[in-house]
Structure formats: structure tokens, C-alpha cells
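Student: Okay, here's the structure, questions in a sec.
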Amino acid sequence: SKDPNLKPVMFAAVRRGLLAEELGRAGGDEEMRNELFICGVFSLLDHMFQQPFAELLGNIPVPARVHQALVQDSGPFQPFMAMVRAIENESLYDFREAADALMMSVSEVNRAQLRALTAAGQLE
């Protein structure tokens with residue numbers, strides 16, 4: 001998009017992708033990390049295009065796990081997206097619940113977030 005108003009949303013989407021990818025680094029292979037990145041990046045498409053994910057992803061082929069997470073809020077990537085949202089919302093209760101669902105310690109989540117923010121900062 002060339003709309004300057006969408007630039008912050010697009011950057012937030014990339015940050016989400018980087019964070020989801022980093023959260024999956026400890027327990028996933030490269031394919032999973034790549035799909036988590038896609039899931040995070042695509043997670044704001046509904047806001048950008050003002051359409052539900054079911055409509056948007058009907059025209060865009062995405063891996064099944066990404067589709068499950070975004071359209072059905074289920075599947076193996078749902079806990080990663082819950083963690084991303086908990087971090088963004090600064091909700092301590094949701095953060096702890098999401099970290100437990102991922103079987104990650106608070107320090108592991110924090111390290112993943114720092115790596116993602118460092119990578120995002122290099123994109124600016």
C-alpha cells in the first residue's frame with residue numbers, strides 16, 4: 001500500500017511477524033518459524049483492508065496452520081498469536097497464561113521479544 005496512514009500498521013504487522021517467529025525459535029523448525037512469521041504479518045490484514053479473515057484468506061493461499069490461527073483462532077499457532085496480543089496489550093494475566101500455554105518462561109518470552117525488536121529496529 002502507498003497509503004501513508006497504513007505505514008504504522010504495516011510496521012506493526014512486521015513486528016508481529018518477527019515476534020511470532022522468535023517465539024517459535026526454541027521449539028520449531030525453519031518451516032514453522034517461516035509460517036509463524038507469515039501468521040504474524042498477516043494478523044493485521046483484517047484491520048488494513050476492513051474485511052474479515054475468512055474473506056481475505058479466501059483469495060490468498062496461506063499454510064493451513066496460518067489459516068487456522070487467523071480465521072478460526074485455533075490450531076498450533078493460536079497460542080503464539082495469543083502471546084503476541086498479550087504483549088501488545090500489556091496484560092500481565094494474559095501474558096502469564098499465554099507463556100504457560102507455550103511452555104515458555106517469562107525470561108524466554110522477554111528474550112524473544114528483545115530479539116524481535118532488535119530485528120524490527122534494523123528495518124527502519
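Student: Check Ala120, Ala99, Ala69, Ala86 and return the single one that is out of contact with any Phe, Trp or Tyr (no Cβ under 7 Å at 6 or more places or on another chain) and modelled with pLDDT of 90 or more.
Tutor: Checking each option against the conditions leaves just Ala99.
Student: Condition check: within 9 Å of the chain's Cα centre (by Cα), within 25 Å of Ser105 (Cβ to Cβ) and of a type outside the set (Gly, Ala, Ser). Does Phe37 satisfy that?
Tutor: Values: within 9 Å of the chain's Cα centre (by Cα): yes; within 25 Å of Ser105 (Cβ to Cβ): yes; of a type outside the set (Gly, Ala, Ser): yes.
The answer is yes for Phe37.
Student: Restricting the search to the stretch 13-37, which residues are within 18 Å of Ala98 (Cβ to Cβ) and acidic (Asp, Glu)?
Tutor: Across the stretch 13-37, the qualifying residues are Glu21, Glu22.
The values are calculated or read from the model by the stated rules, or taken from the named source; none is laboratory data. Owing to the predicted nature of the structure, the values given are computational and were not obtained by experimental measurement. Quick reminder, even Gly has a Cβ in these numbers, built from the backbone with ideal geometry, and neighbours come from all protein chains shown.
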